[in-house]
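Every number in this text was worked out from the coordinates using simple rules, so none of it is lab data. Values in this document were obtained by computation on a predicted structure and should not be read as measured data. FYI the Cβ positions are ideal-geometry reconstructions off the backbone, even for glycines, and counts take in every protein chain you see.
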Amino acid sequence: MDFWQILKNWDLQAFHFINEKWANPLFDSVLPWTREKWIWAPLYILLCYFWIRKYHWRGVYLILILALTVGISDLLSAHLIKFYFHRLRPCQNLEWVGHLIRRIDCGSGFSFVSSHASNHFTLAAFVSLYLRKEYPYWEPLAYLWAGLIAYSQVYVGVHFPLDVLGGALLGLGLGWTSGYLSIRFLKIFPLSSKSV
């Protein structure tokens, strides 16, 4: 058995563990909602308010750069990578997947990579660079938040584990790169509130 077949088998087994064997009423109620973008709108508004209040015009730049970075993440994941790999979603590929618990509508589009995972890990990676110095306890929470959203994609049956892992790696790369470039070259740095 070659490496790709082993990876494919692991992906399928991990999917069934998350989607079926680890199912419980609490996750059934909560996880479908965690993947909805509008649920997190208050968090995004609070982040914008925090950055503008703390960094003034620098905060506006941070918001614009973050929005551009997430837009690039979405473009790469949803419109380029997915159409290159043409991988069917688990809920579209029952011949290979077999039984699954479908907790939401299957949706359209391809599966690899997960745009939800990519976009939210982009946001988590970027934001964590600006929080880790003064608010280090928020950094692990940012990654746990993105991880929860990625996990929910598998739990509801619309992505395989490798889809969300690929999306997470893409998002981390984009978020870190954009964050470091904005700090280094655009001179946007999280200065203390006393020096702003």
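Tabulated data for the structure shown
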{"read-out": "Size descriptor, Kirkwood hydrodynamic radius, that averages inverse alpha-carbon separations across the chain, Å", "value": "17.8"}
{"read-out": "Nearest-20 debye value, the chain charge dipole, Cβ charges on Lys, Arg, Asp, Glu", "value": "780"}
{"read-out": "The range 74-153 - Debye-derived log10 I(q)/I(0), Cα point model, q = 0.15, 0.17, 0.23 Å⁻¹", "value": "-0.64, -0.76, -1.04"}
{"read-out": "Lys pairs under 27 Å by Cα in the chain, provided they are eight or more residues apart or on distinct chains", "value": "10"}
{"read-out": "Principal-axis tilt of helix 115-131 within the chain, Cα atoms, nearest 10 degrees", "value": "30"}
{"read-out": "Radius ratio Rg over Rh of the range 61-119, counting only Cα atoms, Kirkwood formula for Rh", "value": "1.11"}
{"read-out": "Relative counts (whole %) of C-alpha pair distances in the range 1-111, using bins that are 5 Å wide", "value": "2, 9, 12, 16, 16, 14, 12, 9, 6, 3, 1, 0"}
{"read-out": "Exposure proxy ranking, count of Cβ atoms within 10 Å, fewest first, for Thr177, Thr122, Thr69, Thr34", "value": "Thr177, Thr34, Thr69, Thr122"}
{"read-out": "Euclidean distance between Cα centres, the range 93-150 to the range 37-88, Å", "value": "13"}
{"read-out": "Neighbour net charge for Asp105 - beta-carbon separation under 14 angstrom, K R +1, D E -1", "value": "+3"}
{"read-out": "Derived scalar couplings ³J(HN,Hα) [the range 59-75; Karplus, 6.51 cos²θ - 1.76 cosθ + 1.60; whole Hz; x for Gly, Pro]", "value": "x, 4, 4, 4, 5, 5, 5, 5, 4, 5, 5, 5, x, 5, 4, 5, 4"}
